[in-house]
Amino acid sequence: MVDDGGLALIVYLWGDLMAKRRSKTKFTQIHVSIPVHVLAEFDHTLGFNDSRSKKISKLMLDYARNEGNPLEHYSRKEILEHLQYKYDKDSPEDVLIQALLALH
């Protein structure tokens, strides 16, 4: 004899949870024209689970909130550390960045 009562309750509660709206944020679709190579390069930076819309929204907000230089909120050391990962280990650029970090 199989008792489905517990399973039915779980399915009912799950359905109730799924019916609730998770976010009150309203979204709208926009149309923009971007060169194909720019979009391809941007998509290459996204991880498997990243959302293109979420990333573009964040970039737009960051741009709108930074009235001046977007780098002004970072220290020199943070900028150099970020640049360090753009180059191969022991490349001339990496050696230069390492030297600059050593001076900092």
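Details
- Charge sum, other residues only, whose C-beta stays under 15 Å from S57's C-beta, Lys/Arg counted +1 and Asp/Glu -1: +4
- For the range 25-103, the Rg and Dmax computed from alpha carbons only, in angstrom: 16.8, 48
- Computed 3J(HN,Hα) for the range 33-40, one whole-Hz value per residue from the Karplus formula 6.51 cos²θ - 1.76 cosθ + 1.60 where θ = phi - 60°, is 10, 10, x, 4, 5, 5, 5, 5, glycine and proline marked x.
- By the rule of a C-alpha distance below 24 Å, with chain neighbours fewer than 8 residues away ignored, the lysines paired with K58 are K24, K26, K77, K86.
Read-outs: derived from the displayed coordinates by stated rules, not from any lab. Being a predicted model, the structure only gives us computed values, none of them experimental. As a convention, Cβ positions derive from the backbone with ideal geometry for all residues, glycine included, and neighbour counts pool all protein chains shown.
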